[in-house]
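Below is one structure, written out as structure tokens; comments come after it.
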Amino acid sequence: MQFFKIASLLAAAVLATAENTITFISQDDDYRTLYFTGNPGMTEIKPVQVQGLTNVTVDIPYQWIGNFFAVVDGQPVVPGMLGEVAFNSWNGITFFDVSAIVNPSDHVGVKVMWPVDSPEPFSGCDLFPCNFAYYAPNDVQTRATHGSDLYCTLGTSPHDLLASRSLSEETLDAPVFARDFVQGRWASKN
Ligand SMILES: *[C@@H]1O[C@H](CO)[C@@H](O)[C@H](O)[C@H]1NC(C)=O
């Protein structure tokens, strides 16, 4: 009996941790801390440290909606460029975007997000400002994927991983959604 309880707990735990991830790719040698803010009722995600020039994968709970920003060690902890996510949301789709609405002057934090299984669609900029991030709430810049694993670059590099990204037709044609979708507010519109 005990065995089965524990086995099912373990199985559930494995499922829960395997559900969603964001892999942060540090592109310079600064140390940073990532701060996560969930919508009301979301599971807390503790701050995560990312050493320079490393990749760190963070498990994100099922259907988690919220945002995150990165702070370089020694700098004040104030929100910067935001990565915004709504995992397993409307129709099971995961929504994501990079937003400069709160602090457009942060050019050393969150840069570009895209699904692990495809370089497109992406949100954000290797070099801010660009046309692929939020600057005003009524912009329409949220991206969507059926995948549940995302990449997010941090910091700057003369050899940005994505600097050679060419803006293909597919990128420009990929659907964009209103910010409500990444904030979990699409339902209240019905
Ligand atoms: C981080 O991940 C990216 C994308 O998969 C890869 O190109 C890069 O080599 C990785 N960097 C490290 C330090 O593992």
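The values are calculated or read from the model by the stated rules, or taken from the named source; none is laboratory data. The model shown is predicted, which means the values in this text are computed figures rather than measured ones. Please note: Cβ atoms are built from the backbone with ideal geometry, for glycine as well, and neighbour counts cover all protein chains shown. Side chains included, ligands, DNA and RNA excluded: accessible areas come from the protein's heavy atoms. Shrake-Rupley method; radii C 1.70, N 1.55, O 1.52, S 1.80 Å.
Miscellaneous remarks
- Working from label points 7 Å from Cα in the Cα-to-Cβ sense, the residue 23 to residue 135 distance is 3.2 nm.
- Surface accessible to a 1.4 Å probe, residue 32 within the full protein complex, Å²: 10 Å²
- Distance from the stretch 24-91 to the stretch 102-121 (C-alpha centre basis), Å: 11 Å
- Backbone N atoms of the stretch 71-108 closer than 12 Å to the 7 Å Cα→Cβ label point of residue 56 belong to residues 71-73.
- Heavy-atom accessible area, probed at 1.4 angstrom with all protein chains present, ranks 31, 134 as 31, 134, highest first.
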